[in-house]
1. Under 30 Å Cα-Cα from Lys23, which lysines qualify once same-chain neighbours fewer than 8 residues away are excluded?
2. Could you rank the peptides 130-141, 383-394 by their average count of other C-beta atoms within 10 Å per residue, with the highest value first?
3. Say a paramagnetic label sat at a point 7 Å from the Cα of Leu36, along Cα to Cβ; which residues of the stretch 76-91 have their backbone N under 16 Å from it?
4. With the full set of protein chains in place, find how many percent of the accessible area of the stretch 348-448 is carbon and sulfur; take the probe as 1.4 Å.
5. Quick one: net charge around Gln173, please, counting Lys, Arg +1 and Asp, Glu -1 for every other residue with C-beta under 13 Å from its C-beta.
6. What is the set of long-range amide H partners of Ser298 at a cut-off below 5 Å, with H atoms built 1.01 Å from backbone N?
7. Once the whole set of protein chains is in place, how much accessible area is left on Glu78, using a 1.4 Å probe, in Å² to the nearest 10?
8. Relative contact order, percent, of the stretch 404-505 when contacts are C-alpha pairs under 8 Å separated by at least 6 residues?
Amino acid sequence: MSCVAVKPPPGGRWKVDVIRQLKRRDQRQHEAFSDLIRHYSRMLEKSSISAGFLRTARVPSGPESLCQNDRLKTMTGELACQVVALQQELNIKQKVLEEQQSRLAGAQRGASGAQAEEQVLQARAAGVQVANAGLKREYDALLLLHAAADARVRAETQRGAELLEDVIRHKQQAAARLNSANERRSRARQVTLQKDLQAAQETPITMDTPVSSPASPTTDPPERAPTRLFRSASASSPRILTSIKELFERKRRGNSVCSADQELLRPGRVCVSARVPVRARHALDAHEQGINAVRFSSSSDMLATGGTDRVIKLWDVQAGQLNHRGTLDGSAEGITSIEFDHTGFKVLAASYDKSALLWRIDDSVPKVTLTGHSRKVTAARFRGCPQQVVTGSADRTLKLWDLQKAACVSTLQVFSYCSDLVCSENAVISGHFDGQIRLWDTRTASCTLELPAQGKVTSLDLCSDLRQLLSCCRDDCLQLLDLRGNNRMTLRAEGFKCGSDSTKAVFSPDGRYAAAGAADGGVYIWSVTNGDLQTCLSGKHSASISAVSWSLSGDYVVSVDKSRRAVLWSDI
């Protein structure tokens, strides 16, 4: 039987453990051979009895001797059989013992492997603990750095707010000084004008009476012409007209970004009846990235496009062709909407960079930048006065701006994401993602009316007669609202799907049609009179159409899409 090496435990208890293990081994071996030992002991007892009997007993003679011999032979055979049986049992027990010893050796080897694996895992656990301790120290250091950076950010934010307040205060002071200087110059001009008028009034001017008709039968003596009660200012002081002209020009122009000639209305074509386009006259890739907005000028011979490439491009419309005229730069991010003023010389745009910008068409640098929104500006429109602008933003506010001061004069909280707006001199209509159209009185800065829409509003357009409002919604329909009453009309068409949250729909200049682009690249045109679909212009756009615009002459419709393509449509 193989012996198992037992590692003595530390200290003085190893003797006790050795004795205990030996007793356990003896007990296991005794239990394994107990039956064999019992039978062997019984066989030895019988053998000793027989041997004693043979030694002490006399060998009888005769038949009695033969019987005893037979009994002895029988007993010897039985004992031999028992010895054989016991030998077989001993062999079996030996095999079982060997199997148990092999299993015990395998278990001991498994225990040794488990113990080695345990030691490896303990070493790994110790390494992980050390690494965790290092990471904890790094985390604590990062926390300290973050706290310091956060403190610096707060300090810089506070400093930025203070600087902004200082800039605003300096601008206000500069504006006040400028207004004071303008007022002093105006009073000086008025005093000079009054003095010139008084001097002209005091200067005597005489005029001769006309000669009498030759047919008069009698000749009266010439009479002295009466002195005029009002003197001719131009005869005595030629500079008075110049002063008056300058005064009224300044009164009219103010601090305009345009010249005096540009302040006059630019001549434009008047649309008597808009024509529904039937074919594409010109298609081109107008920008380097997707196009978000498009608008015709008041003269209909120029249009502007703006996209995510952060520029506005101007195009001349000549004989059904789009010819690049110029590029307006200055926006830090993509353009969301475009608006021409009534003269056609200024372009107003809203941008993703939280601002609105104003350009002259002959200068690529913006003249005015309106900042103050906290999120992207989605719409910018001129009000009735050309020096006033309204902007709507994703920050749920509308802001009214004075272009002369380049400052916000009023802010309206509009409760929801503002997607588009239209306005007049004293009213603003805004569309929102909460499915509401709100009417605002800018004089009281309050909401006077809320109109529910069919879904999330993506655009608004006001008819030229200011009687109907067109809204485009994300539920794939257009809605006509009569502002004189509560009459509504819904415009739908098979295949028309609103492609984005900024899809624009427009009226025709005569108010008879409504046009919008769809997600499938088609331009859908409806009749406002009966709500029927007039036509669907397709085949030129491969992406969702983002905006359309109808020229004020009624001759052209232009559509732009997210894949930078612009298409000019007409029936000519």
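The values are calculated or read from the model by the stated rules, or taken from the named source; none is laboratory data. Remember, predicted model here, so these are calculated numbers, not experimental data. As a convention, Cβ positions derive from the backbone with ideal geometry for all residues, glycine included, and neighbour counts pool all protein chains shown. Side chains included, ligands, DNA and RNA excluded: accessible areas come from the protein's heavy atoms. Shrake-Rupley method; radii C 1.70, N 1.55, O 1.52, S 1.80 Å.
1. Lys7, Lys15, Lys93, Lys95
2. Numbers: 130-141: 10.2, 383-394: 19.9.
Peptide ranking by packing, descending: 383-394, 130-141.
3. So the set is 82-91.
4. Carbon and sulfur together cover 44 percent of it.
5. Spelling it out: positives minus negatives among the neighbours equals +2.
6. Result for Ser298 returns Gly344.
7. 100 Å²
8. On the way: 218 pairs, mean separation 19.0, N = 102.
Over the stretch 404-505, the number comes to 19 percent.
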